[in-house]
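Undergrad: Below is the structure I would like to discuss, written out as structure tokens.
Derivation of every value follows stated rules applied to the coordinates shown; laboratory data play no part. Remember, it's a predicted structure, so these values are computed and weren't measured experimentally. With ideal geometry, Cβ positions are generated from the backbone for all residues, glycine too; neighbour counts draw on all protein chains shown.
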Amino acid sequence: MSIDKAQAAHVAKLARIKVEDDALPALAEEFNTILGFIEQLNEVDIEGVEPMVSVTPMRLKRREDVVTDGQMPDKVLSNAPDAREGFFAVPKVVE
Amino acid sequence: MLDLTYEPPKPKVIPGAKHDWELVIGLEVHAQVASKAKLFSGASTQFGAEPNSNVAFVDAAMPGMLPVINEVCVAQAVRTGLGLKAKINLTSAFDRKNYFYPDLPQGYQISQLYHPLVGEGEVLVDMGPGIARRVRIERIHMEQDAGKSIHDMDPNVTFVDLNRTGVALMEIVSRPDIRGPEEAAAYVGKLRQIMRYLGTCDGNMQNGNLRADVNVSVCRPGDYERYQETGDHSVLGTRCEIKNMNSMRFIQAAIDYEARRQIQILEGGGTVDQETRLYDPDRGETRSMRSKEEAHDYRYFPDPDLLPLEIEQDWVDDIAGALPELPDQKKARFVADYGMTEYDASVLTAEVENAAFFEEVARGRDGKLAANWVINELFGRLKKEDHSIAESPISAAQLGQIIELIQADAISGKIAKEVFEIAYTSGRDPAEIVETEGLKQVTDTGAIEAAVDEVIAANPAQVEKAQANPKLAGWFVGQVMKATGGKANPKAVNEIVQTKLGL
């Protein structure tokens, strides 16, 4: 798989990262280098090998169904550029 | 186990301008898990709290916050899966579904695309006595809900409340086995009923705790059967997905509209675009959400913050062992044990609380009579005042007393209705009402005979007519009942009238 300029622009748009047009070829090239490395990994024969998801033999940690958090709207909103009446206020989005 | 037998319903046929069409429908139902805390945080799930008060830093996606799964939410999803006779996957995993929206602070939703917790199951959708559609469930996965955007509080900004962010959802995905708008609504109703029996989702559609995305396509009669034989989706039409509906009525109306729209396109020689649409209840139509199409590249990948979810078969078996009796079983048992019709059994088992109330009324008494009284008198009366069974002013024990009084011939059906009315409005015990108000049925033959004699003596002309035409004897029965204030046993009166008139 090879990433071209248009594909790089699409990925940047999905990630909401602004990339100037003249920076796109270099970005596409970086993607291709990364993908090339992954391709190389694909050469390893992993037939019958369970995928490893963790290097430690841990079980997914569980929590009890108890309310232990929340009730701090001021803190939650404190970094918001705009908040009104307890809500985050964001530029109008209409579907 | 008891089972009733069913025939599948006929698919809905929509006549087009050129020929007939049929519908093929599949649903994705999002059901909010009944739990105290959220799926990955310790914030409350309580509805209607002050904005942004039920929010932990995990939900607000503050940097460095890590999700820790709520075990009860997992148990609830497993319970739901078992209730839908589904395969439980002992290993499942969480993935990130990436998209940007103001009510999704993480920039991704934690969901389960590749390895869902629950696999294939099925649900029987009742369409009337003896008629039901078996709808296959493809999977159920767990995911986080998003927050709530409010667009109409200010003309220039959108308000965002994260209280719902991170609440656990079960997404229940059906196969395209549903063949009409009514079936689609009934399917959602049946899922809701089962989950309410299980206690895994409260099913409150108004609060958005149960919402559905509906996939609709149309095909020519015979195409669906070809799909069933071959499993080949391409013989079916192109589908459109109508997003996020939270009312049975809207689901039906949206499907109806969407089917007609697609038929019109196809008969005009056009092609249906596969797309996501929104239903506008004010206009009664669906419209395209094309603006969001590019956002549909979700770039799913395994969530690196969460290890796979591994559960043990013993744990699943414990949950399975503690499942309550489910609607289909309860209905079949009511038909078998109480000798009631399937229709009555459906009414009584619609809500688990109603069924429990009925069983308390019927315990040790005439089940059929109890069913009639609960359905016709109690439900009728509750409905008139828009009350639920929990708000019933008459208890199951009190209604049971009325059944006993009728069974013992202490009161007639007519008087029983009066007693019910008094008990309903005053909360007094039926047995006491009958005693105090002197409503006890007169079975004393002497007293009835005296009353009959009186009526006969006063109406010699009627006696002559009745003797010529025995059908007219009923008039005497009516007069005697009237004279005794309805308290005389009608059967006894009838017999005595017959004898006295020499019929």
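Undergrad: Starting with the fewest neighbours, write out B:ILE178, B:ILE14 ranked by other beta-carbon atoms found within 10 Å of each beta-carbon.
TA: Lowest count first: B:ILE14, B:ILE178.
Undergrad: Once you order the gyration tensor axes a ≥ b ≥ c over the Cα atoms, which shape class does chain A get: rounded for a/c under 1.5, otherwise prolate or oblate by comparing a/b with b/c? Let's see the in-between values first.
TA: Details: a/c = 3.79, a/b = 1.25, b/c = 3.02.
Judged from the Cα gyration tensor, chain A comes out oblate (a/c at least 1.5, b/c at or above a/b).
Undergrad: Also: Please report the base-10 log of the normalised intensity I(q)/I(0) for chain B, using a Debye sum with one equal scatterer per alpha carbon and no solvent, at each q in 0.07, 0.11, 0.12 (1/Å).
TA: Relative scattering, expressed as log10 I(q)/I(0), comes to -0.54, -1.01, -1.13.
Undergrad: I would also like to ask the following. Cut-off 19 Å, label point 7 angstrom out along Cα-to-Cβ of B:ARG283: give me the residues of segment B:239-262 whose amide nitrogen falls inside.
TA: Only B:240-246, B:250-262 pass the distance filter.
Undergrad: Would you work out the Kirkwood radius for segment B:81-154? I mean one over the mean of 1/r across all pairs of different Cα atoms, in Å. Intermediate values should be presented prior to the final figure.
TA: Numbers: mean 1/r = 0.0670 Å⁻¹.
Across segment B:81-154, the inverse of the average 1/r is 14.9 Å.
Undergrad: Please order A:GLU47, A:GLU30 by the number of other Cβ within 10 Å, starting at the fewest. Numbers along the way, then the final one.
TA: Values: A:GLU47 5, A:GLU30 12.
If I rank by nearby Cβ atoms, fewest first, I get A:GLU47, A:GLU30.
Undergrad: Let me ask something else about it. Please report, to one decimal in angstroms, the Kirkwood hydrodynamic radius of segment B:318-371 built from all distinct Cα-Cα pairs.
TA: Numbers: mean 1/r = 0.0879 Å⁻¹.
About 11.4 Å, per the Kirkwood formula over Cα pairs.
Undergrad: Send over the semi-axes of segment B:1-70's equivalent ellipsoid, whole angstrom and largest first, taken as the square roots of 5 times the C-alpha gyration tensor eigenvalues. Present the calculation step by step, with values, prior to reporting the outcome.
TA: Working: eigenvalues 419, 83, 31 Å².
They are 46, 20, 12 Å, listed from largest to smallest.
Undergrad: From the phi of every residue in segment B:245-252, what ³J(HN,Hα) in whole Hz does the Karplus formula 6.51 cos²θ - 1.76 cosθ + 1.60 yield, where θ is phi - 60° and glycine or proline is x?
TA: Ordered by residue, 3J(HN,Hα) equals 9, 10, 8, 4, 5, 5, 4, 5 Hz.
Undergrad: What's the angle, to the nearest 10 degrees (0 to 90), between helix B:413-426's Cα axis and the longest principal axis of chain B?
TA: 60
Undergrad: Using only the Cα atoms of segment B:199-252, build the gyration tensor, take square roots of its eigenvalues as a ≥ b ≥ c, and label the shape rounded, prolate or oblate: rounded if a/c is under 1.5, else prolate if a/b is larger than b/c, else oblate. Don't jump to the answer; show the numbers that get you there.
TA: On the way: a/c = 3.44, a/b = 2.41, b/c = 1.43.
In terms of gyration-tensor shape, prolate.
Undergrad: Determine, from the Cβ-Cβ distance of B:ILE131 and A:ALA12 and an R0 of 56 Å, the FRET efficiency 1/(1 + (r/R0)^6), rounded to the nearest 0.05. Intermediate results must be reported in sequence, preceding the final value.
TA: On the way: r = 55 Å, r/R0 = 0.98.
Given R0 = 56 Å and the Cβ-Cβ separation, E is 0.55.
Undergrad: Which order do the peptides B:110-121, B:384-395 come out in when sorted by mean C-beta neighbours inside 10 angstrom, highest first? Don't skip to the end; give the middle numbers.
TA: Working: B:110-121: 19.8, B:384-395: 13.0.
Highest mean packing first, the order is B:110-121, B:384-395.
Undergrad: Taking a quarter of the surface of the convex hull around the Cα atoms of the protein assembly as shown, what do you get in nm²? Before the final figure, lay out each step's value.
TA: Details: hull surface 160.3 nm².
For the Cα atoms of the protein assembly as shown, the hull's average projected area reads 40.1 nm².
Undergrad: For B:ASP280, what residues show an amide H to amide H distance below 5 Å, using hydrogens built from the backbone and excluding near sequence neighbours?
TA: Residues meeting the criterion, in which the H sits 1.01 Å from N, are B:GLU285, B:THR286, B:ARG287.
Undergrad: Mind giving me the nanometre distance, one decimal, between the label points for B:TRP315 and B:ALA61, set 7 Å out from Cα along Cα→Cβ?
TA: Reported label-point gap for B:TRP315 and B:ALA61 is 2.8 nm.
Undergrad: Show me, for segment B:431-440, the HN-Hα J-couplings you get by feeding each phi into the Karplus relation (A = 6.51, B = -1.76, C = 1.60, θ = phi - 60°), rounded to Hz, glycine and proline as x.
TA: With coefficients 6.51, -1.76 and 1.60, one gets 4, 5, 4, 4, 5, 5, 7, x, 9, 4 Hz.
Undergrad: Please give me, ordered by residue number, the trypsin sites (Lys or Arg not before Pro) of segment B:1-71 that lie in loop per DSSP and have at most 10 other Cβ atoms within 10 Å. Before the final figure, lay out each step's value.
TA: Details: sites: B:LYS12, B:LYS18, B:LYS36, B:LYS38; in loops: B:LYS12, B:LYS18, B:LYS36, B:LYS38.
Qualifying residues, ordered by number: B:LYS18.
Undergrad: Compute the helix-to-body angle for A:5-14: its Cα long axis versus the longest principal axis of chain A, expressed 0 to 90° and rounded to tens.
TA: Here the helix axis deviates by roughly 20 degrees.
Undergrad: Can you show me the helix-derived [θ] at 222 nm for chain B, built from DSSP H runs with n ≥ 4 at -39,500 (n - 2.57) apiece and divided by the number of residues, rounded to the nearest 500.
TA: Values: 17 runs with 188 residues, N = 503.
Calculated from helices alone, the mean residue ellipticity at 222 nm is -11500 deg cm²/dmol.
Undergrad: What net charge do the residues around B:ILE137 carry, taking every other residue with its C-beta under 14 Å from that of B:ILE137, with Lys and Arg at +1 and Asp and Glu at -1? The partial results should precede the final answer.
TA: Working: positive: B:LYS85, B:LYS87, B:ARG133, B:ARG134, B:ARG136, B:ARG139, B:ARG175, B:LYS190; negative: B:GLU28, B:GLU120, B:GLU122, B:GLU138, B:GLU171, B:ASP177.
Here the charged neighbours net out to +2.
Undergrad: Here's a follow-up. Using only the Cα atoms of segment B:336-412, build the gyration tensor, take square roots of its eigenvalues as a ≥ b ≥ c, and label the shape rounded, prolate or oblate: rounded if a/c is under 1.5, else prolate if a/b is larger than b/c, else oblate.
TA: Details: a/c = 1.74, a/b = 1.17, b/c = 1.49.
Oblate is the answer for segment B:336-412, as a/c is 1.5 or above yet b/c matches or exceeds a/b.
Undergrad: Over segment B:1-143, what relative contact order in percent results from Cα pairs under 8 Å that are six or more residues apart?
TA: On the way: 212 pairs, mean separation 31.0, N = 143.
Over segment B:1-143, the number comes to 22 percent.
Undergrad: At a temperature of 25 °C and a viscosity of 0.890 mPa s, determine how fast segment B:1-137 diffuses translationally according to Stokes-Einstein, using the Kirkwood radius over alpha-carbon pairs as Rh; express D in µm²/s, rounded to the nearest whole number.
TA: 131
Undergrad: Could you please state, rounded to a whole Å, how far the C-alpha centre of segment B:121-163 is from the C-alpha centre of segment B:218-254?
TA: First find each Cα centre; the distance between them is then 18 Å.
Undergrad: Same structure, new question: Can you run phi through the Karplus equation (6.51, -1.76, 1.60; θ = phi - 60°) for segment B:453-469 and list ³J(HN,Hα) in whole Hz, with x for Gly and Pro?
TA: 4, 4, 5, 5, 5, 7, 10, x, 5, 5, 4, 4, 4, 5, 5, 6, 9
Undergrad: Taking every alpha carbon pair in segment B:355-492, what does the distance histogram look like in 5 angstrom bins from 0, in percent?
TA: P(r) for segment B:355-492, in whole percents per bin: 2, 10, 18, 17, 15, 11, 9, 8, 6, 3, 1, 0.
Undergrad: Peptide B:151-161: average number of partner chain Cβ atoms within 10 Å per residue?
TA: 5
Undergrad: Another one. Excluding B:LEU307 itself, calculate the net charge of residues whose Cβ lies under 12 Å from the Cβ of B:LEU307, where each Lys or Arg counts +1 and each Asp or Glu counts -1. Working shown, then result.
TA: On the way: positive: A:ARG59, A:LYS61, A:ARG62; negative: B:ASP303, B:ASP305, B:GLU310.
Taking every other residue near B:LEU307 into account, the sum is 0.
Undergrad: Ignoring trypsin sites (Lys or Arg not before Pro) that are buried or in helix or strand per DSSP, and keeping those with at most 14 other beta carbon atoms within 10 Å, what is the longest stretch of chain A between them? Let's see the in-between values first.
TA: Values: sites that count: A:ARG16, A:LYS18, A:ARG59, A:LYS61, A:LYS92.
Longest gap between qualifying sites, sites excluded: A:19-58.
Undergrad: Each label point is 7 Å from the Cα along the Cα-to-Cβ direction; what then is the distance between the points at B:LYS491 and B:LEU472, in nm?
TA: It works out to 2.9 nm between the two label points.
Undergrad: At what distance in angstrom do the alpha carbon centres of segment B:297-313 and segment B:424-446 lie from each other?
TA: Taking the Cα centre of segment B:424-446 as reference, the centre of segment B:297-313 is 66 Å away.
Undergrad: Also, I was wondering about something else. How high is the FRET efficiency from B:GLU325 to A:GLU20, r the C-beta distance, R0 60 Å, rounded to 0.05?
TA: Values: r = 65 Å, r/R0 = 1.09.
Efficiency at R0 = 60 Å is approximately 0.40.
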